[in-house]
1. Build a GNM of the chain with springs between Cα atoms under 10 Å: which of Tyr144, Tyr94, Tyr72 gets the top mean-square fluctuation?
2. Considering the chain as a Gaussian network with a 10 Å cut-off on Cα pairs, which listed residue, Glu90, Glu36, Glu56, attains the greatest mean-square fluctuation?
3. Identify, among Gly89, Gly17, Ile57, the residue whose Cα sits farthest towards the positive end of the charge dipole of the stretch 15-125, taking +1 on the Cβ of Lys and Arg and -1 on the Cβ of Asp and Glu, with the dipole about the Cα centre.
4. Which order do Phe127, Phe18, Phe78 take when ranked by solvent-accessible area (1.4 Å probe, heavy atoms of all protein chains), largest first?
5. Amide H to amide H, which residues 5 or more places from Phe71 or on other chains are under 5 Å from it, using H placed in the peptide plane?
6. Treating only the Cβ of Lys, Arg, Asp and Glu as charged (+1, +1, -1, -1), what charge dipole size does the chain show about its Cα centre? Round to the nearest 20 debye.
7. At a probe size of 1.4 Å, how large is the accessible area of Ser43, to the nearest 10 Å²?
8. Run down the lysines and flag those whose C-alpha is under 27 Å from the C-alpha of Lys59, throwing out any fewer than 8 positions away in its chain.
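The values are calculated or read from the model by the stated rules, or taken from the named source; none is laboratory data. Here the structure is a predicted model, which is why all the values come from computation and not from measurement. For neighbour counting, all protein chains shown are included, and Cβ atoms are generated from backbone atoms with ideal geometry for every residue, glycine included. Note: accessible area is taken over every heavy atom of the protein model, side chains too, but ligands, DNA and RNA are not part of it. Shrake-Rupley method; radii C 1.70, N 1.55, O 1.52, S 1.80 Å.
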Amino acid sequence: MKPKKYEALLWSIALPGFGQFLNRRLFKGSIFILLELLVNVLSNFNLAIKYSFTGEIHKAIEVTNFQWLMFYPCLYMFVMWDAYRDAEGEITPYSFIPFVFSAFFITIGLIYSTKLKIMGVLLGPVFLPMLSLVPGLTVGFIIYYIVLTINFRRH
């Protein structure tokens, strides 16, 4: 039996590829885990997370390899979408839209993470992209419902 959609989604949030394992997509899950490890290690993301959570934002910026970290939002959101899509339960048309907009907004947050200050605070390459998820999901769900409404009216 396949896991429920939100179970696969939450395990993909924990580690990209785990949702695919739950869905019995072992090869795909292994590839996603390897890609996550590759991007994570080459971008120094865990070190950036450590420095960010200890309040050393400038060190986090300094150690981050942005050329590699720019791959992370799209990889992460795609792996979550893929696990969600393959899990048990009905999937609605266009349900990928919130994932796509989240990846886009997180990437934009990462681009501006070295310069943009919120209330005078530089959030860096971990916290600003994380906060960018909220407007990404919001815009994504708004567009998703608009598209569904337009599509429903046509039929």
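1. Comparing Tyr144, Tyr94, Tyr72 in the GNM, the peak value goes to Tyr94.
2. Glu90
3. Ile57
4. Details: Phe127 50, Phe18 70, Phe78 100 Å².
Output order, biggest surface exposure first: Phe78, Phe18, Phe127.
5. Residues meeting the criterion, in which the H sits 1.01 Å from N, do not exist here.
6. Details: 13 positive and 8 negative charges, 52 e Å.
Computed about the Cα centre, the dipole is about 240 debye.
7. Approximately 0 Å² of Ser43 is accessible to the 1.4 Å probe.
8. The reachable lysines, counting only those whose Cα sits under 27 Å from Lys59, are Lys50, Lys115, Lys117.
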